[in-house]
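Asker: Handing you a structure now.
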Amino acid sequence: MENILSTDNISKSYGPVKALNNLTFEVPKGAIFGILGPNGSGKTTTLSILLDVLKADSGHYSWFNNSTDKHYRKKIGTLLETPNFYHYLSAFDNLKITQAISSRGNKTEIDAVLETVRLQSRKNDKFSTYSLGMKQRLAIAAALLGNPDVLVLDEPTNGLDPVGIAEIRTLIIELGQQGKTIIMASHLLDEVEKVCTHFCILKQGNLLVNGPVKEILSNEDVIILRSSDLNQLKQVLLSIPGYTHLTEEKDFCQIHCSANAILPEDINAHCYNKGVILSHLEVKKKSLEEKFFELTGN
Ligand code: ATP
């Protein structure tokens, strides 16, 4: 698959603080790629380097397969921080100014991008009357001017309420379906799991994992079991072959194993044969949250 972005051993320090340590990853064309990590893990530093706002100490990156087109930056729309729109101007007039300053696209596009972010009906209202979610959508509209192939978004749902978050997520998924490649930094596990096709996890500037969400999360099963006597259940489960680890939670036991290593019918029969009746048996894929905490050790 064609890559839109490749990074090769990028490192960056701020004095004694090593913000990025040999960062290497690829973003396939058409991916919604999440850069995930706790606060201070290096997400903003990464995006800033990729957009030439900061210079890396060492390492390389290349957009569009080492594009020799010197205007390649015009194919990348960005939202790095909440942009400064004029409070007393309407969305439409603000975008006219953004468009004129950035020379991206043309005036006829403004209505189209406002339509995309569902602000068309409010386009003549002053920016100061907008909700936080609407302001964020306007920022994405600004990034969409010039119809870029790629969008780079730093924490696009930061500070929004659940409705605002859902709106931005829907918008990102729709833009992905239209064929845009989206690279977004986030510290919200749920967001990355719901929206992204690919992701990487950073911790203190180190890359812990990188690849398609489905592939990374589907190689491990988590089996949740309940019965009236949890102690007895745990003892019985200890003799099941094939699990990687077993935990006893407040009101259930949980087994982790490689995908399909233990089948639910086998576990049910095993427990029954040892005199334990299960009241609940559920096999699920490891969630991103579980994977994240396992990898980051947080
Ligand atoms: P957050 O989610 O809090 O925005 P982040 O993952 O985007 O964090 P960065 O902002 O890239 O992380 O910061 C990575 C590390 O570099 C942190 O330890 C941070 O304190 C440090 N850092 C970032 N910018 C500077 C700077 N200008 N001067 C000194 N240290 C910095």
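The values are calculated or read from the model by the stated rules, or taken from the named source; none is laboratory data. Because the structure is a prediction, the values reported are computed rather than measured. All Cβ positions, glycine included, derive from the backbone under ideal geometry; neighbour counts span all protein chains shown. The area values use the complete protein model at the heavy-atom level, side chains included, leaving out ligands, DNA and RNA. Shrake-Rupley method; radii C 1.70, N 1.55, O 1.52, S 1.80 Å.
Asker: Write down the radius of gyration of the chain and its Dmax, each obtained from C-alpha positions, in Å.
Answerer: Values for the chain (Cα only, Rg and Dmax): 23.4, 75 Å.
Asker: From the phi angles alone, apply the Karplus equation (6.51, -1.76, 1.60; θ = phi - 60°) to segment 275-284 and give each ³J(HN,Hα) in whole Hz, x where the residue is Gly or Pro.
Answerer: Karplus values, whole Hz, x for Gly and Pro: x, 10, 9, 7, 9, 7, 9, 9, 9, 9.
Asker: Quick one: what are the phi-derived ³J(HN,Hα) couplings along segment 59-73, Karplus 6.51/-1.76/1.60 with θ = phi - 60°, whole Hz, x for glycine and proline?
Answerer: Result, ordered by residue: x, 9, 9, 9, 9, 6, 6, 6, 3, 9, 5, 6, 9, 4, 4 Hz.
Asker: Now a separate question. Normalised by the number of residues in the chain, what is the relative contact order in percent for Cα pairs under 8 Å and 6+ residues apart? Kindly include the intermediate steps, with their values, before the conclusion.
Answerer: Details: 537 pairs, mean separation 59.4, N = 298.
Reported relative contact order: 20 percent.
Asker: Another question, then. Of all accessible surface on the chain at a 1.4 Å probe, what whole percent is carbon and sulfur? The partial results should precede the final answer.
Answerer: Numbers: 7220 of 14680 Å².
Solvent-exposed carbon and sulfur of the chain make up 49 percent of the total.
Asker: Still on this structure: Charges only on Cβ, +1 for Lys and Arg, -1 for Asp and Glu: so what's the dipole of segment 136-191 about the Cα centre, in debye to the nearest 20? List each step's numbers first, then the result.
Answerer: On the way: 3 positive and 8 negative charges, 36 e Å.
With Lys and Arg at +1 and Asp and Glu at -1, about 180 debye.
Asker: Between Asp8 and Phe293, how high is the FRET efficiency from 1/(1 + (r/R0)^6) when r is the Cβ-Cβ distance and R₀ = 30 Å? Nearest 0.05.
Answerer: On the way: r = 29 Å, r/R0 = 0.97.
The calculated FRET efficiency here is 0.55.
Asker: Next question. Once you have a ≥ b ≥ c as the square roots of the Cα gyration tensor eigenvalues for segment 48-96, tell me rounded if a/c is under 1.5, and otherwise prolate or oblate according to whether a/b is larger than b/c.
Answerer: Details: a/c = 4.66, a/b = 2.00, b/c = 2.34.
Judged from the Cα gyration tensor, segment 48-96 comes out oblate (a/c at least 1.5, b/c at or above a/b).
Asker: For Lys29, enumerate residues with amide H under 5 Å from its amide H, sequence gap 5+ or separate chain, H modeled in the peptide plane.
Answerer: Here Glu2, Asn3, Ile4 satisfy the definition.
Asker: How large is the helix-only mean residue ellipticity at 222 nm for the chain, computed as the sum of -39500 (n - 2.57) over DSSP H runs with n ≥ 4, divided by its residue count, in deg cm²/dmol to the nearest 500?
Answerer: -9500 deg cm²/dmol
Asker: Next question, about the same structure. How large is the charge dipole for segment 138-272, taken about the Cα centre, if only the Cβ atoms of Lys, Arg (+1) and Asp, Glu (-1) carry charge, to the nearest 20 debye?
Answerer: Working: 8 positive and 18 negative charges, 34 e Å.
So the magnitude is around 160 debye.
Asker: Something else now. Rank Asp221, Asp69, Asp52 by accessible area, highest first, at a 1.4 Å probe radius? Walk me through the numbers before you get to the answer.
Answerer: On the way: Asp221 5, Asp69 65, Asp52 95 Å².
Highest to lowest solvent-accessible surface, that is Asp52, Asp69, Asp221.
Asker: By average Cβ neighbour count within 10 Å, what is the ranking of 179-189, 118-128, 241-251, 205-215 from highest down? Please list the in-between numbers first.
Answerer: Details: 179-189: 21.0, 118-128: 14.8, 241-251: 11.1, 205-215: 16.4.
Highest-to-lowest ranking by the protection proxy: 179-189, 205-215, 118-128, 241-251.
Asker: Let me spell out the model: positive unit charges on the Cβ of Lys and Arg, negative unit charges on the Cβ of Asp and Glu, origin at the Cα centre of segment 79-212. What dipole size does that give, in debye rounded to 20?
Answerer: Details: 13 positive and 15 negative charges, 56 e Å.
It works out to roughly 260 debye.
Asker: On a full-extension model of 0.36 nm per residue, what is the gain between Thr129 and Leu281, subtracting their alpha-carbon distance, rounded to one decimal in nm?
Answerer: Here the answer is 49.6 nm.
Asker: Note down the net charge around Ile49, summing +1 for each Lys or Arg and -1 for each Asp or Glu among other residues with Cβ under 10 Å from its Cβ. Intermediate results must be reported in sequence, preceding the final value.
Answerer: Details: positive: Lys12, Lys55; negative: Asp52, Asp57.
Computed value for this residue: 0.
Asker: Enter the angle in degrees (range 0 to 90, nearest 10) between the Cα long axis of helix 91-102 and the first principal axis of the Cα atoms of the chain, meaning the one along which they spread out most.
Answerer: So the helix axis and the longest Cα principal axis differ by about 80 degrees.
Asker: Quick one: which residues, 5 or more positions from Leu54 or on another chain, have an amide H under 5 Å from its amide H? H modelled 1.01 Å from N in the peptide plane, none for Pro or chain starts.
Answerer: Ile49
Asker: Let me ask another. Please name which of Thr116, Ala19, Ala31 has its Cα lying farthest along the dipole of the chain towards the positive end, using unit charges on Cβ (Lys, Arg +1; Asp, Glu -1) and the Cα centre as origin.
Answerer: Thr116
Asker: What does the accessible area per residue of the chain come to in Å², with a 1.4 Å probe and no ligands, DNA or RNA counted?
Answerer: Numbers: 14680 Å² over 298 residues.
Per residue, the chain has an accessible area of 49 Å².
Asker: Let me ask another. First select every other residue whose beta carbon is under 12 angstrom from the beta carbon of Val192; then total the charges, Lys and Arg +1, Asp and Glu -1. If you can, show how the numbers build up before the last one.
Answerer: Working: positive: Lys43, Arg169, Lys194, Lys291; negative: Glu155, Asp190, Glu191, Glu193, Glu289.
Taking every other residue near Val192 into account, the sum is -1.
Asker: A further question follows. For Cα pairs less than 8 Å apart in space and 6+ apart in sequence, what is the mean separation divided by the residue count of segment 206-280, i.e. the relative contact order in percent?
Answerer: Numbers: 91 pairs, mean separation 27.8, N = 75.
For segment 206-280, the relative contact order is 37 percent.
Asker: Okay, next question. Specify the angular offset, from 0 to 90 degrees and rounded to the nearest 10, of the alpha carbon long axis of helix 162-177 from the longest principal axis of the alpha carbons in the chain.
Answerer: 80
Asker: List the residues whose amide H sits under 5 Å from the amide H of Ala185, counting only those 5 or more places along or on another chain, with H placed 1.01 Å from N in the peptide plane.
Answerer: Amide H neighbours of Ala185, under 5 Å, 5+ apart: Ile35, Leu153, Asp154, Glu155.
Asker: Which residue, Asn260, Ile97, Asn210, has the largest displacement toward the positive end of the dipole of the chain when charges sit on each Cβ (Lys, Arg +1; Asp, Glu -1)?
Answerer: Ile97
Asker: What is the Cα centroid distance between segment 282-298 and segment 106-171, reported in whole angstrom?
Answerer: 32
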